[in-house]
Amino acid sequence: MGNSENLLNQNDKITIEDLGKIKLVVAKVLSCEAIKRSKKLLKLTLDDGNSERIVVSGISEYYLPSELVGHNVVLISNLKPAKLCGVESNGMILSAKHGEVVKIIMMDDMPAGSEMS
């Protein structure tokens with residue numbers, strides 16, 4: 001049993017129906033910039049295959065904005081909007097964390113709008 005499994009209890013488990021509510025799509029990073037009022041947040045403009053959207057992500061400690069532009073990322077596209085440092089975020093990009101290392105899940109070989117399952 002891995003460490004992550006030790007952290008879960010029965011109340012943390014979700015059903016297949018819960019999982020089905022999450023819409024994951026590939027989105028292309030069109031632009032990215034630091035949010036001036038924050039040390040951690042980046043503002044990403046994404047093409048989700050249907051439209052452009054703004055997503056705010058707390059990854060500036062791990063990525064420079066120029067490192068993300070042009071890459072395709074995995075986006076939770078149906079997350080309720082949230083305002084962070086005055087910027088409305090319309091989704092969340094997926095990343096993996098191990099200790100102090102954070103890596104965004106890149107899908108450069110898939111076009112924007114591709115649905116994940």
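Rule-based calculations on the coordinates, nothing more; no lab input. The structure displayed is predicted, hence computed values, not measured ones. Every residue, glycine among them, receives a Cβ derived from its backbone with ideal geometry; neighbour counts consider all protein chains shown.
Scalar couplings 3J(HN,Hα) for segment 12-20, obtained by applying the Karplus form with A = 6.51, B = -1.76, C = 1.60 to θ = phi - 60°, are 7, 6, 10, 8, 4, 5, 4, 4, x Hz; x denotes Gly and Pro.
Shape index of the chain: Rg/Rh, with Rg the Cα radius of gyration and Rh the Kirkwood radius from the inverse mean 1/r over Cα pairs, equals 0.99.
Backbone amide hydrogens, once placed in the peptide plane, bring Gly91 within less than 5 Å of Ala82, excluding anything fewer than 5 places away on its chain. Would you list, by chain and number, the lysines whose Cα falls below 19 Å from the Cα of Lys28, excluding same-chain residues fewer than 8 positions away? List returned: Lys43, Lys103.
For segment 74-117, rounded, prolate or oblate, judged on the Cα gyration tensor with a ≥ b ≥ c (square roots of eigenvalues), a/c < 1.5 rounded, else prolate if a/b > b/c? In terms of gyration-tensor shape, oblate. A simple spin-label model places the labels of Lys36 and Thr15 4.9 nm from each other, with each point 7 Å out along Cα-to-Cβ. Annotation: amide H of Ser114 within the under-5 Å range of Val26, sequence separation 5 or more or interchain, hydrogens built in the peptide plane.
Strictly greater than 12 Å: what percent of every Cα pair in segment 9-54 meets that? Walk me through the numbers on the way to the answer.
On the way: 741 of 1035 pairs.
Counting pairs separated by more than 12 Å, the tail of P(r) holds 72 percent.
Within the same chain, lysines fewer than 8 places from Lys21 are excluded, and of the rest, those with a Cα less than 21 Å from its Cα are Lys13, Lys80.
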